[in-house]
Amino acid sequence: RKFIERVRRGDSSFGIHTSSMSPQVVEQMGFLGLDYVIVSTEVESLDRGLLENLLRAAASGGTVPCVKLRRRDPELVGEAMNAGAPFVMVPHVTTRAELEEAVDASRFIPFGARGLCPVARYTGFGAFDMDASRQNPNDLGAVIPIIEDREALDHVGDLMRVPDVDIFEIGPWDLSQSLGVNCTF
């Protein structure tokens, strides 16, 4: 909550993308004072158990975990959030309909279509109040679309008008490639 409140005020936040598969490294990022850590599953081979442990390590270190999904897929949105990610980055979002589908997958009824489970990690495996467990995802702007395609630039105004989407990411490598620009290190 504090993180998204800072975002909505326009305050600066500092974080890092990580490809580390080490919970220790991810936990240390929080102890270093980073506001958030993005755990990438886009090109890394993470199973769901390791993903959950990386999210747990980020939270233990006091930083906000976010999962960068492997592809734009509503089922992956729910899976990452069920594993404990309060935020998910969705790659290759190009239209308002695609973004609304991802937002819908991140929220519970009556605001979305995410499945409810009383013994998932987001409910403290049954220890937390169910209403409160549903409230957080329904109140937070949990989806962060990644703008990385030429087509998305044609729809960026529509994308930015989707309610409760507070953060946008630019994917510079894929966007450059989509625009015909050859990027090298």
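Key figures
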{"quantity": "Members of the stretch 108-124 that are open to solvent by 20 Å² or more (accessible area, probe 1.4 Å) and assigned to a helix (DSSP H, G or I)", "calculated": "R121, Y122"}
{"quantity": "The stretch 125-135: number of residues that are farther than 19 Å from K2 by Cβ, open to solvent by 50 Å² or more (accessible area, probe 1.4 Å) and among the small types (G, A, S)", "calculated": "1"}
{"quantity": "Evaluation of V37 against (1) aliphatic (A, V, I, L, M); (2) at pLDDT 95 or above; (3) more than 20 Å from P145 (Cα to Cα) (one fails), failing number", "calculated": "(3)"}
{"quantity": "Restricting the stretch 39-74 to residues that are within 28 Å of T95 (Cα to Cα) and of a type in the set (S, T, Y), the residue that is most open to solvent (accessible area, probe 1.4 Å)", "calculated": "S45"}
{"quantity": "The stretch 93-107, subset part of a loop (DSSP other than H, G, I, E, B) and crowded, with 19+ Cβ neighbours inside 10 Å, residue farthest from the chain's Cα centre (by Cα)", "calculated": "T94"}
{"quantity": "Meets criteria (among the polar types (S, T, N, Q), assigned to a loop (DSSP other than H, G, I, E, B) and farther than 28 Å from F14 by Cβ) for T184", "calculated": "no"}
{"quantity": "Residue within the stretch 162-182 that is touching a Ser or Thr at 6+ places or on another chain (Cβ under 8 Å) and buried (at least 16 other Cβ atoms within 10 Å of the Cβ) present", "calculated": "no"}
{"quantity": "Residue count for the stretch 49-87, restricted to those that are touching a Pro at 6+ places or on another chain (Cβ under 9 Å), under 18 Å from D35 (Cα atoms) and not hydroxyl-bearing (S, T, Y)", "calculated": "14"}
{"quantity": "Residue satisfying condition, being at pLDDT 95 or above and of a type in the set (G, A, S), within set A97, A59, A83", "calculated": "A97"}
{"quantity": "Close pairs from the stretch 94-105: first over 19 Å from G171 (Cβ atoms), partner part of a loop (DSSP other than H, G, I, E, B) and open to solvent by 40 Å² or more (accessible area, probe 1.4 Å), Cβ under 7 Å, at least 6 apart", "calculated": "D104/A113; A105/A113"}
{"quantity": "Residue match in the stretch 136-148 (condition: open to solvent by 60 Å² or more (accessible area, probe 1.4 Å) and over 20 Å from K68 (Cα atoms))", "calculated": "no"}
{"quantity": "Sole residue being modelled with pLDDT of 90 or more and part of a loop (DSSP other than H, G, I, E, B), chosen from A127, A152", "calculated": "A127"}
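The values are calculated or read from the model by the stated rules, or taken from the named source; none is laboratory data. Keep in mind the model is a prediction, meaning the values are calculated, not measured. Positions of Cβ are generated from backbone atoms using ideal geometry, with glycine treated the same way; all protein chains shown enter the neighbour counts. Side chains are part of the model used for accessible areas, which takes the heavy atoms of the whole protein and leaves out ligands, DNA and RNA. Shrake-Rupley method; radii C 1.70, N 1.55, O 1.52, S 1.80 Å.
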